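A short worksheet on the structure shown next.
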C-alpha cells in the first residue's frame, strides 16, 4: 500500500511540476524574447508579469472552440490529446534525483526505472508526430496539411540522428537504463566532455524534434500561417501549445540526463557534510537536476530568438546529408576508441 | 528496511507507474478538449466556418495530392531507423563482443552505406528540385 501511495505521490509531483514549468516557460520565453529585443515583455498582470500564464489559461478556456467546415470532427478533437499525452508521459523514466529518505526507507526519485529506458523515451516521444499529422489532415485546410506533412518528414528524419547520437553512450555504459547512465557519469567525466560530437548531434536533433527555431518549418509563420494548428482555437490550441513546451522540457531533461551528468554535482556532493545528511544530499540532487534543466531551457529560448529559420530543403539536407553520416562516424570513432586495448 | 516488504509491482522497475502517468496525462488532455467544447461561447456563422485561406474563398479541396518525396522520406526513415535499432543490441554488448563485433558492425554499416550512396545518387534527397520527369514545372516542394 505504501508503495502505491509513494508511486502516486511521485506521479502527481512530476505532473504538477511539469505543468507549472510549461506554464511559466511560456512567460520566460516572452520575457527573454522581450529583453533580447530591448522590450519589457508582459509586466501588467502581477509583479514581473507573474500571473500572465494564469490569465492566458483562463482566456483560452473562455474562447470559442470552432471547427472549420469539412473538417473531420472526431480526429480534429483527438489530435491535441495525441500531441500532448506522449510528451508528458516520457517524463516517467527520467531520474530527477537520487534518493530521499522517507517513510522509513529510501525512495527513488524516478517514476519508473525501466530497464529499456532509452528505448521507451524514443518509442513514446516519437508518437506525438501522430498528433501533428492527424491535426493537420483533419483541419481541411491547405496550410495545416502542408505544415503537418513537413512536421512529419522533419521529425522522422531527425529521429535517426537522435538514435545514432546516443549509441556511444550505450556502448560506454552497457545499459539502456537511464539511472545507470546517470550513475556512470557520477564516476566518470560527463558524456558532454567525452563525446562532444554526439552531444552536438543530440542537441541539434532535439531542436528539430521539438520543432523549435531554427527548425520550426512546420509552423513557419510567413509561409504557412501557423502550420498544423492553423484551424485550432481555445483549449484545443492550448493542447498543441502545451504539448510543444512539454516536449521541450522532456528534451532538456534528456540532454541533462544523457550528457550533462543528470543530477550529479561534481565535488560538492562528495563533501563529508552530505554523507551525514542524506536528506540534504537528496534535495541537492533534485535542485541540481532542476537547475541544469533550467539552463538547458534557457538555451532553447536563447537560440530561438538569435538564429534565423532554415529553409525546408536546407533542413532536410542537414539531417540526411550531414548529421546522419556524422552520427555513423561518431559511432565508429568511439568504437575504435573503446576497443583500442583489445586490438 | 521496510521497503523489502513492498510488493514488486509498485517498485520503480515495473510498468504500472508508467500506465498510471499515461492515464493521468490522457485524462488531463481529454478534459482540456471537453472543457473547451462546453465553456466557450459558440456563435458560428458561415463565413467563420470557412477554412482559413488568407481571407479568400477556398479554392478546391484542401486534401490535395502532395509531392511523393514525403513518401520517399518516410520509406528511407524505415530503412535507417531499423539500422539504428540493429545497432542498439550490439552497443549494449560491444565490450563483450570486442573487435569481432566492431568489424561485423562495420560490414553491416558498409552495406547500408552502399544503399545510402544509391539514394544520394538517385536524387531522392534533393528536396529543392524535383526530377525532370515527374515534376515538369520544377516546382519541387
*Among (1) at the interface with chain B (Cβ under 7 Å from one of its Cβ atoms); (2) under 19 Å from the mean Cα position of the chain (by Cα), which single condition is residue A:108 missing?*
(2)
_Qualifying residues in the range A:262-284 (those that are farther than 17 Å from residue A:91 by Cα and in contact with a helix residue (DSSP H, G or I) (Cβ under 7 Å, 6 or more places away or on another chain)) - the one surrounded by the fewest Cβ atoms within 10 Å (Cβ to Cβ)_ = A:280
*Residue list for the range A:248-283, filter: without any contact (Cβ under 8 Å) to a residue 60 or more places away in the chain and within 12 Å of the chain's Cα centre (by Cα)*: A:251, A:252, A:255, A:256
_I'd like to verify a number: residues in the range A:268-314 that are assigned to a loop (DSSP other than H, G, I, E, B) and at pLDDT below 80, how many?_
2
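Conditions (1) touching a helix residue (DSSP H, G or I) at 6+ places or on another chain (Cβ under 9 Å); (2) buried (at least 23 other Cβ atoms within 10 Å of the Cβ); (3) over 24 Å from residue B:75 (Cβ atoms), marked per residue:
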{"position": "A:151", "(1), (2), (3)": "yes, yes, no"}
{"position": "A:158", "(1), (2), (3)": "yes, yes, no"}
{"position": "A:162", "(1), (2), (3)": "yes, yes, no"}
{"position": "A:181", "(1), (2), (3)": "yes, yes, yes"}
{"position": "A:184", "(1), (2), (3)": "yes, no, yes"}
{"position": "A:187", "(1), (2), (3)": "no, no, yes"}
{"position": "A:191", "(1), (2), (3)": "yes, yes, yes"}
{"position": "A:206", "(1), (2), (3)": "yes, yes, yes"}
{"position": "A:222", "(1), (2), (3)": "no, no, yes"}
*Look through A:234, A:179 and report the one residue that is in contact (Cβ under 8 Å) with a residue 60 or more places away in the chain and closer than 30 Å to residue A:147 by Cα.*
A:234
*Residue tally, condition at the interface with chain B (Cβ under 8 Å from one of its Cβ atoms) and outside any helix (DSSP H, G or I), over the range A:111-151*: 8
*asked:* Taking the criterion of being over 18 Å from residue A:219 (Cα atoms), at pLDDT 85 or above and out of contact with any strand residue (DSSP E or B) (no Cβ under 8 Å at 6 or more places or on another chain), would at least one residue in the range A:139-159 satisfy it?
replied: yes
*Tell me, which helices (runs of 4 or more DSSP H) lie completely within the range A:1-103 with 2 or more residues that are in contact with a strand residue (DSSP E or B) (Cβ under 9 Å, 6 or more places away or on another chain), in contact (Cβ under 8 Å) with a residue 60 or more places away in the chain and within 12 Å of chain B (Cβ to nearest Cβ)?*
A:2-36
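Hey, can you tell me all the residues within the range A:319-330 that are surrounded by 17 or more Cβ atoms within 10 Å (Cβ to Cβ) and within 11 Å of chain B (Cβ to nearest Cβ)?
Pass one, the range A:319-330, residues surrounded by 17 or more Cβ atoms within 10 Å (Cβ to Cβ): A:319-320, A:323-324, A:326-328, A:330.
Of everything in the range A:319-330, those that are surrounded by 17 or more Cβ atoms within 10 Å (Cβ to Cβ) and within 11 Å of chain B (Cβ to nearest Cβ) turn out to be A:319, A:320, A:324, A:327, A:328.
The values are calculated or read from the model by the stated rules, or taken from the named source; none is laboratory data. Just so it is clear, the structure is predicted and the values come from calculations on it, not from any experiment. Methodologically, a virtual Cβ is constructed for each residue, glycine included, from the backbone with ideal geometry; neighbour enumeration extends over all protein chains shown.
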